[in-house]
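Visitor: One structure, pasted below without further comment.
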Amino acid sequence: MSELIKYIVSYLVDNPDEIEITEIQDGDTIHLKLKVAESDTGKVIGRQGRIAKAIRAILKSSCTKCKTRYVLDII
């Protein structure tokens, strides 16, 4: 799933080389910590969080068949 998020975010930011995704597993939940360049943070979040909500919706729909839950945190 981290590769999917990296693929999506790489088209949104100006510095795709600075994308870092860390996976932390907590039981059945996997937390994805997304870190981008400081100047690209607003591009990933979007106005009123619309882009972040869309990325989270894609993540949620892509893992409906798997038993794990993914949570995306933007740092």
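The values are calculated or read from the model by the stated rules, or taken from the named source; none is laboratory data. Fair warning: this is a prediction, and the values are worked out from it, not measured in the lab. Neighbour counts run over all protein chains shown; Cβ positions are idealised from the backbone, glycine included. Side chains are part of the model used for accessible areas, which takes the heavy atoms of the whole protein and leaves out ligands, DNA and RNA. Shrake-Rupley method; radii C 1.70, N 1.55, O 1.52, S 1.80 Å.
Visitor: Please determine, by comparing only the residues of segment 38-66 that are in contact with a Gly (Cβ under 9 Å, 6 or more places away or on another chain) and free of Cβ contacts under 8 Å to residues at least 12 places away in the same chain, which one is most open to solvent (accessible area, probe 1.4 Å).
Guide: Ranking the candidates gives 53 first.
Visitor: For segment 44-57, does any single residue satisfy the condition of being assigned to a helix (DSSP H, G or I), over 19 Å from residue 7 (Cβ atoms) and of a type in the set (Gly, Ala, Ser)?
Guide: The answer is yes; a qualifying residue exists.
Visitor: I've got another one for you. Report, by residue number, each residue of segment 59-75 that is more than 18 Å from residue 22 (Cα to Cα) and in a helix (DSSP H, G or I).
Guide: 61, 62
Visitor: Only residues that are open to solvent by 60 Å² or more (accessible area, probe 1.4 Å), part of a helix (DSSP H, G or I) and either touching an Asp or Glu at 6+ places or on another chain (Cβ under 9 Å) or aromatic (Phe, Trp, Tyr) (or both): list them for segment 7-37, please.
Guide: 7, 18
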